[in-house]
Amino acid sequence: MNIQEQKLAGLSTASYSYSMCSLPSDDLYTALIVAFSGEAGNSHEHCGTFRFMDAVTMAGIIAWEPSALILDLRDLKYDWGDEMHRTLTVALAWYGEDFPTAAVVSDLNREGLTSLVEYEMQEDPAKWLFSSIGEAVKAIDTTLRPHIQEMQELRKKALDYANSPESRERRQRIIDTLGHDPQIPD
């Protein structure tokens, strides 16, 4: 048996960093920003970069459980390669549904990514590709705003109920029945 140690760095010479930011509508909702630099493509030298990016992005999603994902690709050279489709949608593998995702692009990759999103993914590039982190955050916030507002309304209703006389009376009955407050350890 020949066991060989493996490292993600062996897949690609690309580098990465993680950042987080709160969304403007509610700071309980966050976006994970994964920045990549280097080169990705279908050449033998760079084809492992897509798998590397997928693994790094999934590690960040699992570690920080964000509400949304921003791929900062401004320093990543990319001309073509259909595997980038998987990289842009990698969060679906974890969440199993639409997950707000945006990519920040530059002249190093705008043409290739626009083509990929429009023709391979058959999506509107204006919904996926942005020129700055700020634009990407704003777009994701707009996408999540109905959900955020719904959750804010539910939190308000829960707080209103918790502070209502009915709730305080119910809590006192529980304390009287148990002989202690169940939220305070014995």
_Place a point 7 Å from Cα of T114 in the direction of its Cβ. Which residues in segment 61-76 have their backbone N less than 18 Å from it?_
73-76
*Name the long-range amide H neighbours of E39: under 5 Å, sequence gap of 5 or more, or other chain; modelled H, no Pro or chain starts.*
A14, K77
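Within 10 Å of each residue's Cβ, count the other Cβ atoms and sort T101, T13 from fewest upward.
Working: T101 23, T13 14.
Fewest-to-most Cβ neighbours within 10 Å comes out as T13, T101.
So for the chain, if I pair up every lysine 8 or more residues apart or on another chain, how many of those pairs have alpha-carbons under 25 Å apart? Write out the running numbers ahead of the final one.
On the way: K7/K77; K77/K127; K77/K138; K127/K138; K138/K156.
Lysine pairs meeting both conditions in the chain amount to 5.
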_segment 20-107, dipole about Cα centre (Lys/Arg Cβ +1, Asp/Glu Cβ -1), debye to the nearest 20_ = 120 debye
*asked:* Among G179, A68, M1, which residue has its Cα furthest toward the positive end of the charge dipole of the chain, with +1 on Lys/Arg Cβ and -1 on Asp/Glu Cβ?
replied: G179
*Rounded to the nearest 10 degrees, what's the angle between the helix 48-64 long axis and the longest principal axis of the chain, both from Cα atoms, 0 to 90?*
10 degrees
*Rank these for me by crowding, Y29, Y95, Y18, going from fewest to most other beta carbons within 10 Å.*
Y95, Y18, Y29
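Determine the calculated [θ] at 222 nm for the chain from helices alone, applying -39500 (n - 2.57) to every DSSP H run no shorter than 4 residues and normalising by the residue count; nearest 500 deg cm²/dmol. Intermediate results must be reported in sequence, preceding the final value.
Details: 7 runs with 81 residues, N = 186.
One gets -13500 deg cm²/dmol as the mean residue ellipticity at 222 nm.
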*Which loop-located GluC sites (Glu not before Pro) does segment 1-70 contain, where loop means any DSSP state but H, G, I, E or B and the Cβ has at most 13 other Cβ atoms within 10 Å?*
E5, E45
*Just how large is the dipole of the chain about the Cα centre, in debye to the nearest 20, putting +1 at every Lys and Arg Cβ and -1 at every Asp and Glu Cβ?*
480 debye
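Read-outs throughout are calculated quantities, based only on the coordinates presented, and are distinct from any laboratory measurement. From a predicted model like this one, the values you see are computed outputs, not experimental measurements. Every residue, glycine as well, gets a Cβ built from its backbone with ideal geometry; the counts of neighbours run over all protein chains shown.
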